[in-house]
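The structure under discussion appears below in the form of structure tokens.
Computed from the coordinates by the stated procedures, all read-outs in this text should not be read as laboratory data. As the structure is a computational prediction, the values presented were derived from the model and not from experiment. Reconstructed Cβ throughout: ideal geometry from the backbone, glycine too, with neighbour counts over all protein chains shown.
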């Protein structure tokens, strides 16, 4: 009898502990369900910090309304961390205090971003032209974005401010930073249709076919911004200059400068060796190549493509063509 009672008590204790365990598990499950529901209704977001500087003495409001109670003050010129925008306010954190300030009272100084593609060109000005390309950036490169200027992001790279097409910059904070229009390009001085070639080239026997055939020898060559060596790398204008230089014909300048040489010819008149000019996405001349024949031209296209042959009619940004040789 005693043994049966002992077994009964032991079994009762086991069941009690199991019951408590099951209740504990039930509470854990309830907590997880509650937390999941809370995250669905009010999701947590991890946002990159945005830095700003106050442009006057300001108040910190408890809520995003000027009728809210004031919970702090910030002097002009102080740096603050901006968390998120709402209406005319920014949620901020300053000296351990979190609240809201008027958007107009702070100037954004920088937001974080990254480059979203390979071989993205950065430029010295917010325009697509040949001679403002400074180099390239690869996918994943972290950048500090200072402003949006026209179709470009102004970024801090090293000790300089440079420009990258907005298309290739990713940041969930672009809406926070200042936006301004891109300045107009300096107006180019109008040149006469024909500029005499250097004296030593006037009696040359070189033909357009000579130019085109030599250019074809360099298909597959490297593109290097600012490059002037056909063996180690050239950009689009460098390629044209060096090919003509092989025949003792001296041309100088970037693509929008080279358009001053020779005489203008129409699309229907294009033949071997003519120079063809394109906008390359900008408003002015930004790219150049050498026409071969049968709707093909050769050019130093990009870091990724190098020197290639392309269909002329595929380009919708053609501007003009010039003939250097008679």
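Dividing the convex hull volume of the alpha carbon atoms of the stretch 47-183 by its residue count, what do you get in Å³ per residue?
113
Using the Cα gyration tensor of the stretch 204-323, with a ≥ b ≥ c the square roots of its eigenvalues, what is the shape: rounded (a/c below 1.5), prolate (a/b larger than b/c) or oblate (neither)?
Rounded is the answer for the stretch 204-323, as its axis ratio a/c remains below 1.5.
Describe numerically, in nm with one decimal, the distance between label points set 7 Å from Cα along Cα→Cβ at residue 161 and at residue 91.
3.0
In nm, give the distance between the simple-model label positions of residue 314 and residue 76, each being 7 Å from the Cα along the Cα-to-Cβ direction.
So the label points at residue 314 and residue 76 sit 5.8 nm apart.
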